[in-house]
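Bear in mind these aren't lab numbers, they're just calculated from the coordinates by the rules spelled out. This one's a predicted model, so the numbers in the text were calculated from it and none came from an experiment. Every residue, glycine as well, gets a Cβ built from its backbone with ideal geometry; the counts of neighbours run over all protein chains shown.
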Amino acid sequence: MTSIEVRALTKEYGTRRAVDRLTFSVPPGRVTGFLGPNGAGKSTTMRLVLGLDRPTSGTATVGGRPYARLDEPLRRVGALLDARAAHGSRTGRDHLRVLAATHRILRSRVERMLEETGLAAVADRRVGTYSLGMRQRLGIAAALLGDPEAVLLDEPANGLDPEGIVWIRGLLRGLAAEGRTVLVSSHLMHETAAFADHLVFLGRGRLLADTPTRDFIAARVRPRVRVRTTDPSALRELLARHGHTAEEHPEGHWTVPHARVDDIGRLASAEGIPILELAAEEATLEQAYLDLTSAETEFAAPWSTPHAQEA
């Protein structure tokens with residue numbers, strides 16, 4: 001089985017350390033989300049795994065070997081790092097045919113990838129006329145051309161329309177179900193939560209977390225209850241008596257942190273307070289991600305209210 005192994009990986013550019021003694025594993029049979037703020041070192045790490053940069057120290061291997069020592073690498077590892085890499089004057093079909101010819105891959109595989117990525121109808125158009133979403137699909141087709149055991153994709157949903165995002169989600173889950181090793185870098189937290197079984201987080205080149213998706217969210221985001229009533233004063237007093245601090249929202253509902261639906265419902269029922277809405281607010285990967293990386297973001301804008309933005 002092919003796994004990706006990163007061990008004490010370090011990459012320095014002059015005095016800047018882009019990757020700092022990084023260690024993690026990506027086993028087959030699951031989708032691993034690769035997350036972190038801009039400048040965290042995700043793209044650099046992927047380039048090191050693919051042999052496009054040389055590490056200052058440490059190792060990155062695929063199936064136990066550095067990428068440069070792999071036989072027929074396109075059959076072992078498929079990668080999409082930059083959707084703009086395809087030559088703009090070639091057609092989509094010719095781009096894939098050139099790759100296939102240089103790696104002894106049958107032309108029938110080219111046609112299959114064009115069909116599976118939804119590009120068959122535009123395969124004879126020049127890549128320079130493609131939209132960003134079409135270029136992404138072409139890059140994914142190229143990554144899968146050799147039927148690889150491991151797949152590395154950097155922001156694969158970038159530029160895709162809603163149908164395309166649903167498609168890439170199913171594609172990633174399908175690749176993992178086939179026993180392949182799948183590593184996906186993304187800034188789309190909602191989508192990452194939908195397809196990733198496991199998460200690896202970077203911050204300033206260092207490993208921040210290496211954890212199952214569900215465990216990460218549950219550990220970093222406290223349960224909250226959303227409640228709406230026709231008697232907000234009575235609800236506020238009731239919650240305060242029982243040690244709860246509730247936040248009122250302009251939309252008319254209340255949020256009660258560190259609480260559960262059963263507890264709030266039982267208290268309101270005992271006091272005869274009418275309840276119009278009572279629901280658990282699901283913890284999200286975005287909330288957990290922001291909690292983890294708040295001190296690791298290299299580029300960040302201050303939070304502001306709509307009024308402050310208009311001033």
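Run the simple label-point estimate for L132 and D197 please: 7 Å along Cα→C-beta, distance reported in nm.
Label-label distance for L132 and D197, simple model: 3.1 nm.
Relative to the compact globular guide of 2.2 N^0.38 Å, what is the alpha carbon radius of gyration of region 222-282, as a ratio?
0.96
So what is the relative contact order for the chain, in percent, with contacts set as C-alpha pairs under 8 Å and at least six apart?
Reported as a whole number, the value is 21 percent.
Which residue fluctuates most in the GNM of the chain (Cα springs below 10 Å): P66, P28, P37?
Highest fluctuation among the options: P66.
Counting Lys and Arg as +1 and Asp and Glu as -1, what is the net charge of the other residues whose Cβ lies under 14 Å from the Cβ of G272?
Surrounding charge for G272 is -2.
Which whole-Hz ³J(HN,Hα) couplings does region 85-90 yield from phi under the Karplus relation 6.51 cos²θ - 1.76 cosθ + 1.60, θ = phi - 60°, glycine and proline marked x?
Using θ = phi - 60°, the values come out as 6, 5, 5, x, 7, 8 Hz.
Under the rule of -39500 (n - 2.57) per DSSP H run of 4 or more residues, summed and divided by the residues of the chain, what mean residue ellipticity at 222 nm is obtained, to the nearest 500 deg cm²/dmol?
Helix-only estimate at 222 nm: -10500 deg cm²/dmol.
When only C-alpha pairs under 8 Å and at least 6 residues apart count, what is the relative contact order of region 222-282, in percent?
54 percent
Find which of V19, A120, P148 sits farthest along the positive direction of the dipole of the chain, computed with +1 on the beta-carbon of Lys and Arg, -1 on that of Asp and Glu, about the Cα centre.
Highest projection toward the positive end goes to P148.
Evaluated at 4 °C with a viscosity of 1.567 mPa s, what Stokes-Einstein diffusion coefficient in µm²/s does region 4-211 have when Rh comes from the Kirkwood expression over alpha-carbon pairs?
75 µm²/s
Within region 26-61, which residues have the backbone N less than 19 Å from the label spot 7 Å out from Y13 along Cα→beta-carbon, could you tell me?
35-58
Go through 111-121, 146-156 and give me the packing order, highest mean Cβ count within 10 Å leading.
The densest-packed peptide leads the list: 146-156, 111-121.
Report, by chain and number, residues whose modeled amide H sits under 5 Å from the one on L199, excluding near sequence neighbours (fewer than 5 apart, same chain).
G33, T211, T213
Can you give me the Cα centroid spacing of region 145-217 and region 224-258 in angstrom?
37 Å
In 10 Å bins starting at zero, report the fraction of Cα pairs in region 115-184 per bin as a rounded %.
19, 55, 24, 2
Using the membrane-span-like helix rule (whole DSSP H runs, Cα extent along the own axis of at least 30 Å, mean Kyte-Doolittle hydropathy at least 1.6), which helices of the chain qualify?
The qualifying helices: there are none.
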